[in-house]
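**Q** Attaching a single structure in structure tokens format; questions to follow.
The values are calculated or read from the model by the stated rules, or taken from the named source; none is laboratory data. Note that the coordinates shown come from a computational prediction; the quantities given were computed from them, not determined experimentally. Here Cβ is always computed from backbone atoms with ideal geometry, including for glycine, and neighbour counts include all displayed protein chains. With ligands, DNA and RNA removed, areas are computed over all heavy atoms of the protein, side chains included. Shrake-Rupley method; radii C 1.70, N 1.55, O 1.52, S 1.80 Å.
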Amino acid sequence: MGVVSYNYESTSPVAPARLFKAFVLEADKVWPIAAPHAIKSIEVEANPGPGSIVKINFVEGLPFQYMKHQIGGHDENKFSYSYSLIEGGPLGDKLEKINYENKFEAAVGGGTVCKSSMKFYTVGDYVITEDEIKALIKGSEGVYKAIEAYLLANPDACN
């Protein structure tokens, strides 16, 4: 098994607190409404704390039926959270898991800088390429941008 680290940043005109709430605290409610083209439903264990499993079910026609995240933790004051993709989605037979550490930081002039640190744990001798990582990020950006658009169109959501 190998481990490949990758860092990624993006920006958003939405405030960090609202993004954090939409992506972490209220994801099971917000994602299916904001991204119905991709997200069918989200199932969260009774206590969505560290170690809990979150199952994201995708709509028919997408390459994956579902994926499961194991929550690492979150800090509501720092707008940071961590989780591991442990089943389904892009893992296939080449990736054991992907660890994510994400943080929403206030951007100069307003909005947010979204910082993500990822670790890809590969199976056997497989080596994931930067192009493959970028393709995975591009695939998830559709949901991210849909949630961002939802928040912009609904200023009272996730306040």
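**Q** Compute for region 1-151: radius of gyration divided by Kirkwood radius, i.e. Rg/Rh, restricted to C-alpha atoms, rounded to two decimals.
**A** 0.94
**Q** Per residue, what volume in Å³ does the Cα convex hull of region 26-108 take up?
**A** 120
**Q** Which whole-number percent gives the relative contact order of region 21-159, counting Cα pairs below 8 Å spaced six or more residues apart?
**A** Rounded, it is 17 percent for region 21-159.
**Q** Comparing ALA15, ALA135, ALA149, which has the greatest mean-square fluctuation in the GNM of the chain with Cα pairs linked when under 10 Å apart?
**A** Fluctuation is largest for ALA135.
**Q** Applying 1/(1 + (r/R0)^6) with R0 = 41 Å to the Cβ-Cβ distance of TYR126 and GLU105, what FRET efficiency is obtained, to the nearest 0.05?
**A** That gives a FRET efficiency of 0.80.
**Q** Report, to the nearest 10°, how far helix 130-153 tilts away from the longest principal axis of the Cα atoms in the chain, using its own Cα long axis and a range of 0 to 90°.
**A** 20
**Q** Through the Karplus equation 6.51 cos²θ - 1.76 cosθ + 1.60, θ set to phi - 60°, convert the phi angles of region 100-112 into ³J(HN,Hα) values in whole Hz; use x for Gly and Pro.
**A** Per-residue couplings from phi come out as 10, 10, 10, 8, 9, 10, 4, 8, 4, x, x, x, 9 Hz.
**Q** With +1 on each Lys and Arg Cβ and -1 on each Asp and Glu Cβ, and nothing else charged, work out how big the dipole of the chain is about its Cα centre, in Debye to the nearest 20.
**A** With only Lys, Arg, Asp and Glu charged at Cβ, the dipole is about 200 debye.
**Q** Another question about this same structure. For a quick check, take a GNM of the chain with Cα springs below 10 Å and name the residue from ASN102, ASN77, ASN57 with the largest mean-square fluctuation.
**A** Among ASN102, ASN77, ASN57, the largest mean-square fluctuation in the Gaussian network model of the chain belongs to ASN77.
**Q** OK, next. For n ≥ 4 DSSP H runs only, could you compute -39500 (n - 2.57) per run for the chain, divide by its residues and tell me the 222 nm figure to the nearest 500?
**A** Estimated from H runs of four or more residues: -7500 deg cm²/dmol.
**Q** Shifting gears a bit: Mark the label point 7 Å from the Cα of VAL59 along Cα→Cβ and return the residues of region 1-40 whose backbone N is within less than 15 Å of it.
**A** 31-40
**Q** How far apart, in nm, are the 7 Å Cα→Cβ label points at SER116 and SER52?
**A** Spacing of the two 7 Å Cα→Cβ label points: 2.2 nm.
**Q** Would you mind telling me the share, in percent, of accessible area of the chain contributed by carbon and sulfur at probe 1.4 angstrom?
**A** Answer for the chain is 52 percent, counting heavy atoms of protein chains only.
**Q** Assuming 0.36 nm per residue, please report the length gained on full extension of the stretch SER41 to LYS78 beyond their Cα-Cα distance.
**A** 10.6 nm
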